[in-house]
Each structure stands twice: as C-alpha cells, then as structure tokens.
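Have a look at the structure below, then the notes.
Every read-out reported here was derived from the displayed coordinates using simple, explicitly stated rules and does not represent laboratory data. Since the model is a prediction, treat every value here as computed from it, not as a measurement. Counting neighbours? That spans all protein chains shown, and the Cβs are built from the backbone with ideal geometry, glycine included.
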Amino acid sequence: MTEIGAQVTEPKVLYDEYHDIQWVPAPCQEACPVGTDVPSYVGLIWEEKYEDALEAITATNPFSSVCGRVCAMPCETKCRRGESDAPVAIRNLKRFVMERLGHDFHLAPVSVTRSQTIGIIGSGPTGLTAAQDLAEAGYEVHVYEKLERPGGMMNVFPEFRIPRRVIEADINRLLDHCPGVKVHLNCELGDGISLQELKKRHDAIFLAIGLWRNKSAGIPGEKDGLEGFYGIEFLDDLSKGIEIALSGKVIVIGGGNVAMDTARTALRVGAQEVQLYCLESREEMPAFKYEIEQAEKEGVVVHPSWGPKQILSHDGRVTGVEFRNCISVFDPRGRFNPVYGQKTMRVDGEVVLSSIGLDADNAELESLGMLDRGRVKTDFETMCTSDPKVFAAGDCAFGSSAVVYAMNHGHRAAYYIQAFLENRKNPLPYRVPYRTRRVPVAQDPLWEKLPREEQPFHGIGKDCPAPRLSECESTMDAEGVKRQAARCLRCDAETGSSDYSRRTREHIQAMARTEPDDIERHRHILLQRLKPRNNPFPPERPAHIDDLVFLSAALTRLVIDPYREACSTITVIGESFALKQPFLCVGFDEAPEEVQQALALGLAGSGCAYIGFQPLFTGNPEVEASSQDGKLRWLQLISPDRSEPRADADGLIHVIGPEFHPIHAERLHQDQLLGLAVSAPALEKAIPYALEQGFDLLLLDGSSGIDKPWTELHVEPDLTVMRDAIRLLRKINREEDISLLYFGGLKSGTDVAKALAINCNAGVFGVAMGIAIGGVIEGDHIKFDSSRTLEERRNAVESWIRATAQETAIIARCTGKTNVHNLEPEDMRSITISTSKALDIPLASGMGRREGF
Ligand code: SF4
C-alpha cells in the first residue's frame, strides 16, 4: 500500500498483478490512455479505502490532481454503465481522492544511476511525464521551459476550472520524487540555447514544446495589432496575472475546449454578453459536452455551423465579424475541408477572441526544416524526428489534445528514448501497461437504482468577489462519492471463465428486472443460458492430445503411500544430459531480444533447455550479471542451409524433413549430444540409422515444421509419430537405447504427462511458452509488445514452468508413481476412435483392442 505523508520505499508497481492471462481490462481502463486501473480505484473508494485508491489512481498518472479537474474522460465515454442509464462519474471520484489526500502524497526519491542525460524542451504534461519515467529509469533529465514557471500549456487553464495550487501539487510531487530532473525556467529553444548545443550537452533530446502560435483563419481584416482582437494571449496574459478588463459585447470564434475556456473567462472579466460561433455542428464540436453545457449555463450563447468571413474594424479597432454558414467541415475521408453556403450575417462586437487552433511556434525548428504545417515532423511509431538523436511528442508533434493523451505521449516517448539510449534496435512496440489490483467485488444493494450524480456546479457565482479565481464546481462529498462508486458494474471481475462473467451478470440483471409472472421472458433467458453445446467432436476431428484422459480409477491411488513421497521430475537425455524438468522449449530464434533474454533467464532458472538454430540472446551484461542461475543449456538445430554446428552448443540436432536422407553428423566434443529431428514418414529409415550412428536422441516432430516459427499455430500435430517410433524401437528391442523428445501441440503439464506415458523422455513447448511469456496470437504468428518488463517475463516463464511441472508430477502421483518417467500407457484411455488409433491407447468405452505395447 502506498503510504500517505511518508516516504515510500517500494516501487509503484507493488500491487500490480498481471499473471492471469484470462484477465481482460474493463472498458474504462482500456479507454484510459495511461491505463489507469479504474475499476480497482472505484471499488476501493466504495470500500472507503481512499489511500489504496490513491495508489491505483496515481500509479501511471503523474498529473492525477489535474485530471481530477480537467480530464477528457475517455473512460466515461466507454463506461458500460452508460449503456443502461449513465456512466459512473469516474473523474469526480478521482477528484475527491486527490483533494482529500493528494497534497500530502509523496513518492520516495529516485536516484540517478546512469551516466547518460536527456534534454527535454517543454515542461507540460508530455515533457514532465517523460521526465519522470526517464528519471525512474535512472537518468538525469534537464527540462528547459520558456515560461517563468513549469507546467507548459497547463498554465493557461483558467483558475475557475483548475486552481494553480492543484497543478503545482502534481508538479511538486513529481520533482520531489525525481531529484534528477532539473528544470531550467525562462529558457527558450532558439533564444539562448540552440538544438545543436543541447545535442552536445545531452545524449538524447525530447521536444515537447506545445502549441503557442494562433492559427490564422486566413480571412480579410485579420491582422496583428488590431485593437480588441486576441488569440491565446488572452488566457496566457491572465494566467500571468496581467489584468485584462473587457466590456460590452464579445465574439468568440472556435468550438474547442480552449474556445469554451476563453468565452467563460470573458464573462468573468467584464463582458456583458458573449456570443460563440464555430464551424462545426453542435454534435461535431470538439469541446467536451459538459464544457459546452456549463458555458451555456453561465450565459455564453453558442452558434454552431458558422465560419468567419471577415473581421470588421474601424480606425484600427474591432467592430464585429461577418460570418457565413458552414454546410460541412470534413470531407468524406475525414479531412478538414469546410464547405460554405450562401448565407452571411454581420455580428457587432467590441472584442473578438479567436480560438480556432494553435500551431507549434519555434523559429529554430522552422529553420532546421523540422516543422511541417505547424507540427514537428515525428513518426508516431517511434517518436523519432528526422534527427536520430531528437524525439518529439505531445501537441507540438500530433496536434492539440487533452492532458491524459499528452501523458500517454510522454510515457511512450520515454520508452523509445530509453530503448535508443540502451542501443536496443527494433524495440518491442510500446503498449499502455494495463494492470489490475484485483479488488474484491462488493456492492451496495441499491447499486442498480442509484443515479449518476454530478458535483455541485456554481457557475460564475452570484456576487462573487473574484469570479475569475472562484472555482465553478466543488468536490463531491463522501456520501455522494460512495453512491457513485456503488454504481460501477466492476467489469474487471470478469474473466470469461469465472462464474461471475459479464454474461452471467447481465442475465442476473435481466432476470432481476423482469416481473415475476413474465414467464415468457424468463424462459427466453433460461434457454439462452442452457443452450446445449455443439457436438465437440465432429466425425472428421483428427487425433488430438486432449482426447487422451488419465483413468479416473488410477486417480483413486491418490490416497496411497506414494502420494506422500516426492515425485521426481529429473530428466536424463542420452547418457548424462540432465534437466530438472522434462521440458524443453523451441521457436524463439526470431523473437525480440528482450523476450529472448527473459526466456533465457527463465529457462536457466528452471533447469530446462532451449532448442534453436541460434542460442537465445544473452548479450546484456547487466542481465547476465544478475542471473544466479548459470548458463542456459542449448541444443542447436542444424539444417545444411541455415546453420553450421557450433562447439558451444550442448547438443546438435539435425533436422530431417519427411524424406529421410543420410547426413554427415559428428560431435564437436565428446560431451555434445547428437540428435535427429524427424517426422512420421521418415521414421522407418531414420531410427535404424540413428541407432547405428550412435545418436543420443530423436526429436519426434509432430508438427513436421520444427524449423519454422510458430508452426503449431497452423498445423494439426500428427501424434502417430510417437506411436510409430515406439512400435519400431520395440520391434528391434532397442527402446532403451535412444531418448525420445516430442514436439507438437503440447500446452500443459498434463499433455507432457501423456507424452511421457507413451514413453517419451521429455516434451518440447513452442506456442504455449510464447503465450506464457506474454505473446499474443495474431494469425499464424505470436506477437510481443512492451506490456511486460524483462523481469515480469522471466518470472512468467519460471512460474509457468513451476506450475506445469507440478501438474505433470501430480498426474504421476495420482497414478501412484514417484517419478514422472514411470507413467505408463495403461494409465490412459482415449475418448475418440481417431486418437485411440493414432496412439494405440484403448477407448475409454472399452471397445476396440489395444495394439502393440
Ligand atoms: S461500470 Fe465500472 S468497471 Fe465497467 S466500465 Fe464503468 S467504471 Fe469501468
């Protein structure tokens, strides 16, 4: 738990759990650009565990207090409760917690542990989020800010929406947590410091300069120096404490959030009347819906679908604007391309506040050719600019966005900057880290009836002495917050396999809403729930390892003595190649380096071995030094066109396709194992040959494609390779003379137990390990992204192997064995005829005769 008011020594990921591959983030969490664990914090608020909720809120969001006031709330847009009545008021819950505890919340300082430094231009949410991530990774970070205080564009948020103290609370917490982040104020790129100079000073540069130049509407009469005509400087000057007093009639142009802030601020500094005109229709207006509603409540009059035609003036002073009606704003491909109609109107006004958008403003970047149409040219996939040492993100690179998207850019950029500094080529694609704290579900009995409640809205406030500074809303009270948290459906508690699945809950809710005598409706719901499954075994189903079962009669041996003894999983291949578990792994030759490193550490730590054309990547000395587990054992796959035998391999396995052909195979030293990888058609010739040549092992390739990545995803394994190998060896009485490894479709410890019972010595995992280490199946490949750290992947490998080995051992114990290699074909039955035939295991029904063995 994160302590409040005290230094915290544990990292922020303390509560994070990500070991359940069944877990799917709730829609609100998935929608959050920084992956906030919304359901957990909502659940914790309902339980009144505010300190724990604070930990969940702040874990990936350094501007949690700011977001409690001005977040774009993509979570609420996706909230499933919105499908029935209205979304949970998630942002207001965050505000409550941050107001209550945020001021006294501190994170333990992180130290600078690396020699490289990074220069960040801009101290807005993008720049500072990246600064925090990089400081947490051990870098010294220098942030250059052109203003006299940090915060970047957050500084122009009007005080009535977010008081300055709230922004400062987040920034101060971040800077206290990261003493290695040095902020240089009044330091503008191109004015005292040049990019060239910063590149010499730092190992990487990150541009997060925001957008500060007003976009021009390109219409007659729009000119600098026109009295009564303002752009972003209206809010900027006010934020600096410069007094601006308006009077009379004010015209605001623009339909975004900045336009709303501008219009509402104008009312607070003396405007008698504020008329807002925008190109977009009401539905298309980019401002948040609640901002528009609040502006209207305060008196702003909104006129959608009107674009400015010319600014009217007299004697250098604004007198009004001529507008023309806008028929459409975007073309069929979604590009900004307004089409105007014939209608025009003239609107009188003493002041015009233009808020139609902003561009990046930096002469130096312009002169270096790094700007394109008001944006820093940046590749979103890597956050790289045209200069390999310079990265960019946030508004200046991708256009105006809310704070929460700016933070996403900051996290993303920090990830790619770190990869660059660590010289990692082709890093895994960045992915928002989704985590769950697995907060137990407990709900108010009235949860279904409780309505959405808003926090108290005051608007400008009657007779307010300082309307510009007075907040337009106040924080909900504890009772209101609890009622709101109770409305959450806790979509995170659904795993698809649990009894508490989304479908089940929806059925419960549907039944709860029906009248008791609505028998038809009940019948319909029940029929859905009780719908019979399709026949799981269509006649054409091929032999499948799932169709083998261990005899339930054998399981009764659980109670006898061997159960109490340890069950050995030690596995010896050839004369003396010993593994702690009967598992090997194959197929990661083309996996990203970070995945290979984690797998190497996990396999070494678990006493398993790797099979591949190359050894797994272990080129990171830091990783190697941290390994207590010694060298990973590696059996090299050899095929004439792909690999030459290497002396550093523990074994050489020559890959023979379905057609047998003699090969030249010899050990490069006497401890090296020799093996053949064979599929079923080649067995008849390969087995006598391997025995004659003194091979130690046969790798029985049920997939007929062990030399290709993830072949199990598109090939149904041919289990007959095990049956035929045993038959042939038995026929010549040589089954003890060579070790058998099986590859193809193994997913679990039970699957390996079946292969061992058929007389193999070990099982080889491919896709199953890919999933265990965090891969996701996409078509016929496994894709990896950055959602897990190296340590998490390594732990995942070790945990999965431990659990899988236990599963194999439990099966062996249940059948009365104290060694997994004592499992026998007699312990199993087939439940399909095809599997019975393919493996010579009798049918569970007792029909059909077992052959061989
Ligand atoms: S109901 Fe709760 S868990 Fe589901 S989307 Fe809404 S806030 Fe998230």
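What to note about this one:
- Whether the range 627-759 is rounded, prolate or oblate, judged on the alpha carbon gyration tensor where a/c under 1.5 counts as rounded: rounded
- Karplus 3J(HN,Hα) series, Hz, for the range 358-374 with 6.51 cos²θ - 1.76 cosθ + 1.60 (x for Gly, Pro): 9, 10, 5, 10, 7, 5, 5, 5, 4, 5, 7, x, 8, 9, 9, 6, x
- Segments 371-379, 154-162, 712-720, 422-430 sorted - mean Cβ within 10 Å per residue, highest first: 154-162, 712-720, 371-379, 422-430
- Kirkwood hydrodynamic radius over Cα pairs of the chain, then Stokes diffusion coefficient at 25 °C and 0.890 mPa s, in µm²/s: 78
- With contributions of -39500 (n - 2.57) from each DSSP H run of at least four residues, the per-residue ellipticity at 222 nm computed over the chain stands at -9000 deg cm²/dmol.
- Here the label points at N426 and I242, each 7 Å from Cα along the C-beta direction, are separated by 5.2 nm in the simple model.
- Cα centroid separation, the range 587-613 to the range 739-753 (Å): 18
- Packing here is the average count of other Cβ atoms within 10 Å per residue, and on that basis the peptides 193-199, 743-749, 833-839, 128-134, highest first, run 128-134, 743-749, 833-839, 193-199.
- Stokes-Einstein D (µm²/s) once Rh is taken as the Kirkwood radius of the range 207-286 over alpha-carbon pairs, at 10 °C in 1.306 mPa s: 114
- Overall form of the range 216-359 per C-alpha gyration tensor (a/c, 1.5; a/b vs b/c): oblate
- For the chain, the residue among P658, L238, I417 whose Cα projects farthest onto the positive side of the dipole built from Cβ charges is P658.
- When only Cα pairs below 8 angstrom with a gap of at least 6 residues are kept, the chain shows a relative contact order of 11 percent.
- For S328, residues with placed amide H under 5 Å, excluding near neighbours: V339
- FRET efficiency, 1/(1 + (r/R0)^6) with R0 30 Å, evaluated for V339 and E283 via beta carbons: 0.95
- Span-like helix criteria (full DSSP H runs; alpha carbon extent of at least 30 Å along the helix axis; mean Kyte-Doolittle hydropathy of at least -1.0) are satisfied in the chain by 790-814.
- Shape of the range 97-161, Cα gyration tensor, a/c cut at 1.5: oblate
- Calculated FRET efficiency for the pair A478/K249, C-beta based, R₀ 41 Å, to 0.05: 0.40
- Share of alpha-carbon pairs per 10 Å distance bin for the range 677-740, given as whole %: 22, 52, 21, 4
- Length gained on full extension, H522 to Q670, computed as 0.36 nm times the residue gap minus the Cα-Cα distance: 45.9 nm.
- Peptide ranges 170-181, 776-787 listed from the most packed, as the mean C-beta count within 10 angstrom indicates: 170-181, 776-787
- When only alpha carbons are used to place a centre, the range 39-61 and the range 117-186 end up 24 Å from one another.
- Between D85 and K708, the distance separating the two model label sites (each 7 Å from Cα on the Cα→Cβ line) works out to 5.6 nm.
- Structural descriptor for the range 216-359: relative contact order 31 percent, calculated from alpha carbon pairs under 8 angstrom and at least 6 residues apart.
- The range 636-664-the range 280-355 distance, computed between alpha-carbon centres (Å): 72
- Rounded to 5, percent antiparallel among DSSP beta bridges of the range 216-359: 50
- Listed residue pairs exceeding 26 Å between alpha carbons, taken from K146/K249; K389/K631; K78/K389; K146/K215; K223/K297; K708/K783: K146/K249; K389/K631; K78/K389; K223/K297
- Other-chain or far-sequence residues with amide H under 5 Å of V252's (modelled H): Q275, L276, Y277, L353
- V183 long-range amide H proximity, modeled H, under 5 Å: V143
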